[in-house]
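I have placed the structure first, in the form of structure tokens, so that the comments after it can refer back to it.
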Amino acid sequence: MVLQVSVTSAIVMKFRDILSLAYRTVRSNRLRTGLTVAIIAFGIMALVGIITAIKAMNQKFMESFSTMGANGFTIRFKERNIHFGGDNNSDLKLSKKTVRKEKKSNLGKSITKQEAELFIKRFNFPSIKSISVFANRSSIVSYRDRKTSPNVILFGSDENFLPLNGFTLRSGRNLNSTDVQTGRNVCLLGYDVAKNLFKEGMDRAVNSVVQINNIPFRVLGVLDSRGSSFGFSRDNLIVTSYENIARNFPTNSSYTIAVMTNDIHQVDEAMGEAESTFRAIRKLNITEDNNFVLDRSDSIAERAMNTLGFLTISATIIGFITLIGAAIGLMNIMLVSVSERTREVGLIKAIGGKSKMVRRQFLLEAVIISMLGAIFGIFLGVLVGNLFSIVLNTGFVVPWNWILYGIIICSAVGLLAGLYPALKAGKLNPIEALRYE
């Protein structure tokens, strides 16, 4: 038992001595070590930085597209898709029967106000429902001698638009059912619009009369700010009733129906019932495909995030290419180190040092350099990636899984790059090494 403890202590001490010697050697060659560490650090920085930025973009997508919550979905018009080239040409080869079917299903027919209202009337599933329509994105809003640029987005909706789309009121009141049914000239101002027109105080906007494209509207309320999304403000808008849009701003835009259930577990059941209800309204028979789309609010964000997958692949490729270059550079530096320290290796062997001890020392030197590169690269990568998150106005992002991957990758790079020089150093003949000039 005592013998076993002594052997273990000797092994630990020997490894500690080798590690200490390797660290002193790395520290004594600062310029060479610094250049190699910088190469590895830039590779890891590119990898971790881009992954961090992508995570920030994913977080922004979640905030932008999931404002309805996971228990909501929308019904929108399914636009006709025509593909060219490849196997998709078969889509263009339509038989007379298929053409008749497409005509019958009215694939080019957008969702009308009447269809949306009929759905709201017929859909009896326990839920909150809302109708909305996009009017234009070039409206001019004016108040006295002030007016906005011709880039204000105009929406038409009902009293449920705000809660189902993540808006909250800063001041005033929301649209009510009477406002919607009568279609009277009342509106809600977005935060940016109110800020531009009422510099003396946005709360004074309530009950004021503004001109929307030279048509007078009374302001019912001002919306809270929702910030920007990818450089575009989400507060530069005006909301009025969809009946008012139909009267004052006729549009060919398709109407959108939003539904929010009481429980997330009811969403699938509600979507199934909504689909069958709306198929009947759209007068589709059992052989025809849907000419509308049901989108879960969380699935919209998920699809948007999936489009960022190629960036992750690109970042990984860039990082690995840089790390391959770093591994080659590290191997060359270690080989030069073997040549420079040939007499030192011979001296170690002459006083009883074994080949495996020499091999361990050179391997540890390569691993130490790689790990220093990993630490600096991860730190810089997280900082660079979070500069992008500051631009997007998201929280601080740390990709813990890729930090772990970076450490593992750099350890492997150090081992592989140091293996050949370590074997070469371990095979040196001590007598010839001592004679080396």
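No lab work stands behind these numbers, since they all come straight from the coordinates. Bear in mind that the values here come from a model prediction, so they are computed numbers and not experimental data. Please note: Cβ atoms are built from the backbone with ideal geometry, for glycine as well, and neighbour counts cover all protein chains shown.
General observations
- Using the average count of surrounding beta-carbon atoms within 10 Å as a protection proxy, the listed peptides 167-180, 360-373 rank, highest first, as 360-373, 167-180.
- Here r is the Cβ-Cβ distance between Asp145 and Leu169 and R0 is 41 Å; the resulting FRET efficiency, rounded to 0.05, is 0.90.
- Computed from the Cβ-Cβ distance with R0 of 45 Å, the FRET efficiency linking Glu273 to Asn401 stands at 0.70.
- Pairwise centroid distance, computed over Cα atoms, of segment 401-423 with segment 209-278, Å: 54
- Extension gain, Ile324 to Lys195, is 41.1 nm, computed as 0.36 nm per intervening residue step minus the present C-alpha separation.
- Surrounding net charge for Leu419, when Lys and Arg each add one and Asp and Glu each subtract one, Cβ distance under 14 Å: +4
- Label-to-label distance for Thr182 and Asp289 is 4.6 nm, based on points extended 7 Å past Cα in the beta-carbon direction.
- Difference of contour (0.36 nm per residue) and Cα-Cα distance, Asn29 to Leu423: 139.7 nm
- Straightening the chain between Phe134 and Leu415 buys 95.2 nm, computed as 0.36 nm per residue apart minus the Cα-Cα spacing.
- For a paramagnetic label modelled on Ser208 (point 7 Å from Cα along Cα→Cβ), amide N atoms under 11 Å away belong, within segment 164-195, to 193-195.
- Across segment 138-181, the residues whose backbone nitrogen lies under 16 Å from the label position 7 Å along the beta-carbon direction of Gln266 are 164.
- All other residues whose Cβ lies under 13 angstrom from that of Ser233 are scored, Lys and Arg at +1 and Asp and Glu at -1, for a net of +2.
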